[in-house]
Amino acid sequence: MFNPQDLLRPHLKALVPYSSARDDYKGSEGVFLDANENPIGSITEADWNRYPDPYQKALKEKIGEIKAVDSSQIFLGNGSDEPIDLLFRAFCEPGVDNVIINPPTYGMYKVSANINGVEAKEVLLTPDYDLDEDEILEAVNDHTKMIFICSPNNPTGNDVSLEKIEQVLTSFSGIVVVDEAYIDFADRPSFTTKLDQFPNLVVLQTFSKAWGLAALRLGMAFCSNELLAILNKIKAPYNLSGLTQQTVLEALSQTEKKDSMVKTILENREALKERLSALELVQRVYPTDANFFLVTIPNARQVYEEMIDKKVILRDRSKVALCEDGIRITVGTKDENDALIAALKEL
Ligand code: PMP
């Protein structure tokens, strides 16, 4: 039976978390003289003088409805980078434990591992950018606490094989993190539908992409109650600002706007694919399930720099494993895509 307590760093088992008086009093009416706030108001027009809900109850309930996940299985963080870091801090003993990542993939898993003094073992994706599940399981040892799988994968854009993800979830006794930052652009159900089946699963999603809220910094981790309790125990007490909570809660009544933006981005994606593929300069446009393309262009670094001179900023991935001559291009608006193609034609 998977029990995250068995993976928890020993010193955290006895940790007494920060508590506030508002853990003892849940009402909203009262004379609040417990938190040394300014009782008069704020310097801003709207009042932000009271600390926000540390567990973001209202927001989680709304997100739970939209995502069809019980709110008791939702952790909210300052971007999905926060739960990534918290997972390292909860489960990985510096200099002792390790995690497995699958390059080419999102860079933050390795950076977070490095920040926390934890080894990130690299098991490359296959040449067609799928999981190498046999090699992953081969790389696991007694100190492997987590495996990070990104799908749709950044920077390659594709969904990896869902069957292989399930195989890893079944065969590995540690935590499997499935990062679905780009799920809204993919044509498949989320792994959140499998939370009850796999107690070792953590699904990451974010409001930074499809929802268009990157500046607010709001990421989600979906996991079992037991895993959630551990993340809650070690997070900063008020990790999400009141402004973020209120703004997103209000915005969530207009999910149709998100759907319409995703539809437009998907249409633009198809049009851009045709136009990029037609360019002589572009060697290959990889298939994508996300809001960006990985393309290969000979002398990618030079092309990237020349594009910067033209004020079109792309992401150079040419030095990344398995991405030789790779450039990652976000799908823009129609006008931005026109500017991109025009600038590429000028090279
Ligand atoms: N996961 C992946 C795969 C990403 O590409 C990104 C952002 N580039 C993130 C997570 C981070 O998202 P957030 O803005 O929620 O921290």
For the range 4-251, share of DSSP beta bridges that run antiparallel, in % to the nearest 5: 35
For the range 13-89, the Rg and Dmax computed from alpha carbons only, in angstrom: 15.7, 43
Candidates I327, I313, I101: whichever shows maximal mean-square fluctuation once the chain is modelled as a Gaussian network with Cα springs under 10 Å: I313
Distance from the range 15-76 to the range 265-286 (C-alpha centre basis), Å: 46
Order of L314, L272 - criterion: other Cβ atoms within 10 Å of each residue's Cβ, fewest first: L314, L272
Mean-position separation - Cα centroids, the range 86-118 and the range 302-347, in angstrom: 30
In the range 13-78, the chymotrypsin sites (Phe, Trp or Tyr not before Pro) that fall in loop regions by DSSP, at most 11 other Cβ within 10 Å: Y25
Proximal charge balance of S253 [Cβ under 12 Å; K/R count +1, D/E count -1]: 0
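What's the exposure ranking of F2, F148, F185, going from fewest to most Cβ atoms within 10 Å?
Exposure proxy ranking, most exposed first: F2, F185, F148.
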Angle between the chain longest axis and helix 225-234 axis [Cα atoms, degrees, rounded to 10]: 80
For the range 166-188 and the range 192-215, distance of Cα centres in Å: 9
Unsatisfied cross-links (Cα-Cα over 28 Å) in the set K62/K273; K273/K310; K145/K263; K60/K334; K209/K319: K62/K273; K145/K263; K60/K334
The range 271-347 - convex hull of the alpha-carbon atoms, volume per residue in Å³: 83
Angle in degrees between helix 57-67 and the longest Cα principal axis of the chain, rounded to the nearest 10: 40
Residue-averaged [θ]222 nm for the chain, counting only DSSP H segments that reach four residues, each worth -39500 (n - 2.57): -10000 deg cm²/dmol
Sorted by Cβ neighbour density within 10 Å, fewest at the top, the residues L294, L281, L86: L281, L86, L294
20 Å-binned pair-distance histogram of the chain (Cα, whole percent): 28, 54, 18, 1
C-alpha long axis of helix 255-278 to longest principal axis of the chain, angle in °: 20
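All of the numbers you see were taken from the coordinates with simple rules; none came from a lab. Because the structure is a prediction, the values reported are computed rather than measured. Glycine gets a Cβ as well: all are built from the backbone with ideal geometry, and neighbour counts include every protein chain shown.
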